[in-house]
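All of the numbers you see were taken from the coordinates with simple rules; none came from a lab. Predicted model, so just to flag it, every value in this text is computed and none were measured. Every residue, glycine as well, gets a Cβ built from its backbone with ideal geometry; the counts of neighbours run over all protein chains shown.
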Amino acid sequence: MADSQHGDGPRFPAAPAKPTAPEGATLGIVISLPEPAAERLRRVRAAYGRPESAVEAPHITLVTGGPTADWDSARDHVAAVAARTPRFAVRLRGTGSFRPVTDVVFVRVVEGWDACRELHDALCAGPLVHGTGYDYHPHVTVAHDAPEEGLQRAFAELADFEAEFAVDRIDLFGIDDDGRWALSEELRLGTHTGTETGPRRDAGLGEAGPS
């Protein structure tokens, strides 16, 4: 599995299956990107990334590889954090890279960075406390462990990419019977703060750059 901060995070199957929740279960939590930004990033991931990238939905990873001996308690913790977290805006712009530490090219989070970090910190508490190899760095992976040419082309092609959207929910993933990440539940933000109403997260989406 890729590292939670410098890799892809959950790798989504084409059709989500029901996750299992055995003792010592693993879960992942992400912010899924809305259309049309997701489709453009999906095309670039498929062109320059690994073969499985074609079915990986673009996302900002909040938690991946989070171990739990009690799925229900972990799920309740995630739901409680979501409920008390206000909706927030995210703006993506341009590309960055974690090289030479890891061969990852990503789209940068230029607005909503602090909100993502605060949400990550709140989620990685209580039943989801676990260590990681890197400091948390919100981003959207577009190429990971790809050939050098693919990394360079992905970096250049998305250099002028820009998109913005409102985050109104987070997605909770578990591991299915085939050992793949599978969507378990969408959890709305702000249900205990009075911020859950208003436009959906795809409202106000903008994208710039070549199609």
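Summary table below
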{"quantity": "Translational diffusion of the range 25-208, µm² s⁻¹ [Kirkwood Rh, Cα pairs; Stokes-Einstein; 20 °C; 1.002 mPa s]", "calculated": "127"}
{"quantity": "P(r) weight above 11 Å for the range 65-104, C-alpha pairs, percent", "calculated": "77"}
{"quantity": "Amide H contacts of residue 66 (H built 1.01 Å from N, under 5 Å, at least 5 apart or other chain)", "calculated": "27"}
{"quantity": "Residue order, fewest to most beta carbons within 10 Å, for 106, 161", "calculated": "161, 106"}
{"quantity": "Dipole axis of the range 25-208 (+1 Lys, Arg; -1 Asp, Glu on Cβ), positive-most option in 74, 63, 163", "calculated": "163"}
